[in-house]
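Right, one structure below, let's go through it.
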């Protein structure tokens, strides 16, 4: 199954439970490379999954966090997208 860039970002975030705060920079280099449009994909994710994402700011940069208290919704999303 080929994942979209949004699904790849979500999968990375869900697999790395110890990391609490994500910015577009986390997806613009290294093993988690998605591309330089990562910020736009993060915006898409905010709209797609508002129930499990916590949106914040670090200066002028958007941050995303997983709301791990929403276990049922997270399990449903993982199952639906076959992410993990």
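The values are calculated or read from the model by the stated rules, or taken from the named source; none is laboratory data. Just so it is clear, the model here is predicted, and its values are computed rather than measured. Counting neighbours? That spans all protein chains shown, and the Cβs are built from the backbone with ideal geometry, glycine included.
Details
- Each residue in the stretch 34-71 was checked for being part of a helix (DSSP H, G or I) and in contact with a strand residue (DSSP E or B) (Cβ under 9 Å, 6 or more places away or on another chain), and 5 of them qualify.
- Any hit, the stretch 65-81, residues being buried (at least 17 other Cβ atoms within 10 Å of the Cβ), in contact with a helix residue (DSSP H, G or I) (Cβ under 7 Å, 6 or more places away or on another chain) and closer than 12 Å to residue 6 by Cβ: no
- Test: residue 52 is more than 16 Å from residue 21 (Cα to Cα) and within 13 Å of the chain's Cα centre (by Cα): no
- Residue among 22, 68 that is over 12 Å from the mean Cα position of the chain (by Cα) and touching a residue at least 40 places away in the same chain (Cβ under 8 Å): 68
- Reported count of residues in the stretch 14-28, each being surrounded by fewer than 16 Cβ atoms within 10 Å (Cβ to Cβ), out of contact with any strand residue (DSSP E or B) (no Cβ under 9 Å at 6 or more places or on another chain) and either on the phi > 0 side of the Ramachandran plot or not in a loop (DSSP other than H, G, I, E, B) (or both), is 1.
- Verdict on residue 35 being at pLDDT below 95 and under 21 Å from residue 23 (Cα atoms): yes
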